[in-house]
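What follows is one structure encoded as structure tokens, with my remarks underneath.
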Amino acid sequence: MARVSVLLPCRNAAPHLAEALGSLCGQTYRDLEIVAVDDASTDGTAALLHAWSARDCRLRVVPGEGRGIVAALSAAAAAAEGELLARMDADDVAEPDRLEKQVAALDAAPALNAAPALAGCGTGVRYFPRDIVRDGARDYERWLNSLTTPEAVFRDRFVECPIAHPTLLLRRGAFEDAGGYHDPGWPEDYDLVLRLLARGHQLSNVGEVLLHWRDRADRLSRTDPRYSQDAFRRCKLHHLLPLLDGCDGVVVWGAGPVGKAFARGLLERGVAVRAFVDLDPRKIGQVTYGAPVIAPARINEYRGAFALAAVAGEVARAEIRAALIAAGWREGEEYLAVA
């Protein structure tokens with residue numbers, strides 16, 4: 001029985017599948033199996049999978065029903081035999097030592113209260129081909145590649161998904177404890193990561209680019225409404241709400257588009273917005289969604305509310321963090337960054 005099972009959902013993946021399979025079959029870590037789910041493909045995917053399987057018995061082909069990625073991932077996980085579950089997309093390319101370095105990271109993590117301290121890890125990524133990679137993707141890549149400790153992943157979990165799903169290597173016990181994959185109408189990978197973190201499982205990223213992440217105009221993240229900006233926000237709000245129990249509403253630091261979008265979502269869910277904080281003198285003194293817009297110097301008037309640093313940029317987020325720390329607010333207990 002292989003120690004690592006790679007979950008590889010495939011749907012009409014023929015154009016890039018051979019490159020992805022080659023990078024997996026060529027891993028320096030050999031104790032693995034590849035569980036490829038052919039999700040009712042209509043191109044040459046099935047033939048390619050079976051041809052590769054005939055050459056490398058570590059590749060097992062599981063038929064899918066064409067019900068989408070969550071069902072395909074769940075089928076792959078159910079068929080997997082390994083104690084460690086790895087993810088890979090059928091059009092990406094892994095560095096040869098990707099799994100070797102990830103397994104080493106998990107094995108090196110010290111035990112915490114007789115349990116593994118690190119439940120899973122991702123890796124650094126690089127989008128390709130570079131000539132079509134948008135600025136937003138480059139910003140995400142740079143931010144993601146900076147999250148190389150469990151503390152950084154946990155701190156920034158509501159900014160964006162802090163683990164690139166195609167890079168994830170996860171202990172089966174943690175996967176099962178979190179309930180596996182769900183299909184809630186928002187990104188299944190982000191949902192899983194937030195459930196893992198909420199249950200106390202630590203995640204981190206190996207600080208090297210070990211996966212080349214293919215960018216395409218027809219990627220699900222660009223075409224499927226479950227991966228829209230609104231869907232990501234609904235996911236964040238769903239997992240954020242339990243942290244607001246017992247708080248005297250929220251203070252939203254940022255009266256721009258990000259802050260207003262979060263405020264609307266919170267109000268729709270019955271959470272009171274006590275105030276907005278902003279630096280723009282044109283906004284200070286106004287009322288937005290029934291809440292006053294105040295200057296940063298007044299933040300301590302709202303102690304007891306939970307503060308959300310709701311801005312898109314890393315620099316602005318760092319400045320808000322510094323201001324809240326200087327005012328005596330504790331990150332994670334009294335405030336969080338969201339985007």
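Taken together, the values in this text are just the output of simple stated rules run on the coordinates, not laboratory data. Just so it is clear, the structure is predicted and the values come from calculations on it, not from any experiment. Cβ: placed from backbone, ideal geometry, glycine included. Neighbour counts: every protein chain shown.
Subtract the Cα-Cα distance of Arg330 and Glu176 from 0.36 nm times their separation in residues, and report this length gain in nm to one decimal.
Extending this stretch completely gives an extra 52.3 nm.
Set Lys and Arg Cβ to +1 and Asp and Glu Cβ to -1, take the dipole of the chain about its Cα centre, and tell me which of Pro150, Leu59, Pro96 lies farthest positive.
Pro150
Along region 255-270, what does the Karplus equation 6.51 cos²θ - 1.76 cosθ + 1.60 (θ = phi - 60°) give for ³J(HN,Hα), rounded to whole Hz, x for Gly and Pro?
Calculated HN-Hα couplings, in order: 9, x, x, 5, x, 5, 5, 5, 4, 4, x, 5, 4, 5, 9, x Hz.
Using 0.36 nm times the number of residues separating Ala318 and Val209, minus their current alpha carbon distance, what extension gain do you get?
Computed gain between Ala318 and Val209 is 36.8 nm.
Could you line up Phe232, Phe262, Phe175 from fewest to most neighbouring Cβ atoms inside 10 Å?
So the residues, fewest neighbours to most, are Phe232, Phe175, Phe262.
Enter the angle in degrees (range 0 to 90, nearest 10) between the Cα long axis of helix 14-25 and the first principal axis of the Cα atoms of the chain, meaning the one along which they spread out most.
Relative to the chain, helix 14-25 is tipped by roughly 80 degrees.
Indicate, rounded to the nearest 5 percent, the antiparallel portion of the DSSP beta bridges found entirely in region 92-239.
40 percent
Go through 181-190, 284-293, 127-136 and give me the packing order, highest mean Cβ count within 10 Å leading.
181-190, 284-293, 127-136
Can you compute 3J(HN,Hα) from phi for each residue in region 275-281, using the Karplus curve 6.51 cos²θ - 1.76 cosθ + 1.60 with θ = phi - 60°, rounded to whole Hz and x for Gly and Pro?
6, 10, 10, 8, 8, 6, x
Quick one: which residues, 5 or more positions from Val338 or on another chain, have an amide H under 5 Å from its amide H? H modelled 1.01 Å from N in the peptide plane, none for Pro or chain starts.
Ala309, Ala310, Val311
Which of the following values of P(r) over Cα pairs in 20 Å bins from 0, in percent was calculated from the structure shown: (i) 30, 53, 17, 1; (ii) 31, 53, 12, 3, 0; (iii) 31, 57, 12, 0?
Looking at P(r) over Cα pairs in 20 Å bins from 0, in percent for this model, the match is (i).
Suppose every K and R has +1 on its Cβ and every D and E has -1 on its Cβ; what is the size of the dipole of the chain about the Cα centre, in Debye to the nearest 20?
720 debye
Could you please report the charge total around His165, scoring K, R as +1 and D, E as -1 over all other residues with beta-carbon less than 10 angstrom from its beta-carbon?
So the environment of His165 carries a net charge of -2.
Please give the residues of region 77-93, grouped as numeric ranges, whose backbone N is less than 16 Å from a label point set 7 Å along the Cα-to-Cβ vector of Met1.
77-86
Could you compute the FRET efficiency for Glu151 and Thr223, with r as their C-beta to C-beta distance and R0 at 45 Å, rounded to 0.05?
Calculated transfer efficiency: 0.85.
What ranking, highest mean first, results for peptides 39-45, 208-214 when packing means the other Cβ atoms within 10 Å averaged over each residue?
Output ranking for 39-45, 208-214: 208-214, 39-45.
Dipole magnitude of region 1-91 about its Cα centre, charges +1 at Lys/Arg Cβ and -1 at Asp/Glu Cβ only, in debye to the nearest 20?
Dipole size: approximately 140 debye.
Dipole of the chain (Lys/Arg Cβ +1, Asp/Glu Cβ -1, origin at the Cα centre): which of Leu49, Leu237, Val258 lies farthest to the positive side?
With unit charges placed on the Cβ atoms, the residue in question is Val258.
Give me the percent relative contact order of the chain, please, defined on Cα pairs under 8 angstrom at least 6 residues apart.
It rounds to 15 percent for the chain.
Under a 10 Å cutoff between Cα atoms, tell me which one of Thr28, Thr223, Thr149 has the largest fluctuation in the Gaussian network model of the chain.
Highest fluctuation among the options: Thr223.
Mind checking the angle between helix 135-144 and the chain's longest principal axis? C-alpha axes, 0 to 90 degrees, to the nearest 10.
90 degrees
Kindly write out, for region 193-204 in residue order, the coupling ³J(HN,Hα) from the Karplus curve 6.51 cos²θ - 1.76 cosθ + 1.60 (θ = phi - 60°), rounded to whole Hz, with x marking Gly and Pro.
4, 5, 5, 4, 5, 5, 8, x, 7, 8, 10, 8
Under the rule of at least 5 residues apart or a separate chain, name every residue whose amide H is placed under 5 Å from the amide H of Leu211.
The list, which skips near neighbours in sequence, is Glu95, Arg126.
Quick one: helix 229-240 against the long Cα principal axis of the chain, what's the angle to the nearest 10°, folded into 0 to 90?
The answer is roughly 70 degrees.
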